[in-house]
1. How about the stretch 135-155: which of its residues are open to solvent by 90 Å² or more (accessible area, probe 1.4 Å) and closer than 16 Å to Ala29 by Cβ?
2. Out of all the residues in the stretch 60-77, which are over 18 Å from Gly122 (Cβ atoms) and in a helix (DSSP H, G or I)?
3. Within the set of pairs 6+ apart or on separate chains, which have a first residue in the stretch 48-60 that is within 13 Å of Thr110 (Cβ to Cβ), a second that is open to solvent by less than 10 Å² (accessible area, probe 1.4 Å) and of a type in the set (Gly, Ala, Ser), and C-beta atoms under 8 Å apart?
4. Just the residues that are basic (Lys, Arg) and either farther than 22 Å from Gly32 by Cβ or in a strand (DSSP E or B) (or both), please, taken from the stretch 92-135.
5. In this structure, is Val127 modelled with pLDDT of 95 or more, open to solvent by 30 Å² or more (accessible area, probe 1.4 Å) and of a type in the set (A, V, I, L, M, F, W, C)?
6. With the condition kept exactly as written, say whether any residue in the stretch 91-101 is within 23 Å of Asn123 (Cα to Cα), loosely packed, with under 15 Cβ neighbours inside 10 Å and among the aliphatic types (A, V, I, L, M).
7. Does Val57 fit the bill of being touching a helix residue (DSSP H, G or I) at 6+ places or on another chain (Cβ under 9 Å), part of a strand (DSSP E or B) and not basic (Lys, Arg)?
Amino acid sequence: MAHSYPVTTRSVSDSGWRPTVPALVHMLAASGGPGLRAAFAAAGLDGLRPAQAVALVPLAAGALHASDLADRLRVSRQAVAQAIRALESHGYIVRSPDDTDARALLIALTPRGRHALRVMRGNALAVEQHWEAVLGRQRLDDLRETVQSLLDAQG
């Protein structure tokens, strides 16, 4: 027998409702997607989605195994495998044998991948500049410190 439960919704204007901080952080992060996509397009970087581009960041320091990349991104190995396929097919990364482990492959940035990182950084700095105009230097510094503390506490 199917049960019928009353559905109640609250509007955002209801006095008791407030979005959670994780929801706000997610919405703030997602709000940068359109600008980053536009920056990629302007730079001629096709086939690169912001969600996949995040996988390039840990590779800036050097080649990694897929499992290490997944650990650094805090995502599943399956998610990294999908991103690797897409990034490799568009020339942002390359896989090569690991000299120390014949069974393993290392993932490294290509020059095109390094260019994508420069575009991402430029876009991120522009976003920070806008946030500083809205918040002021001190509040932006406080936000950076708070977010870093929360990330550090994740382990």
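The values are calculated or read from the model by the stated rules, or taken from the named source; none is laboratory data. Computed from a predicted structure; not experimentally measured. Cβ atoms come from the backbone with ideal geometry, glycine included; neighbour counts cover every protein chain shown. Note: areas computed on protein heavy atoms with side chains; ligands, DNA, RNA excluded. Shrake-Rupley method; radii C 1.70, N 1.55, O 1.52, S 1.80 Å.
1. Those that are open to solvent by 90 Å² or more (accessible area, probe 1.4 Å) and closer than 16 Å to Ala29 by Cβ: Arg144, Gln148, Leu150, Gln154.
2. Passing the criteria: Ala61, Ala66, Ser67, Asp68, Leu69, Ala70, Asp71, Arg72, Leu73, Arg77.
3. Here the result reads Leu48/Ala116; Leu56/Gly113; Leu56/Ala116; Leu59/Gly113, each pair linking the stretch 48-60 to a residue that is open to solvent by less than 10 Å² (accessible area, probe 1.4 Å) and of a type in the set (Gly, Ala, Ser).
4. Arg95, Arg103
5. Judged against the criteria, Val127 is not a match.
6. The answer is no, given that none of the residues of the stretch 91-101 is within 23 Å of Asn123 (Cα to Cα), loosely packed, with under 15 Cβ neighbours inside 10 Å and among the aliphatic types (A, V, I, L, M).
7. Judged against the criteria, Val57 is not a match.
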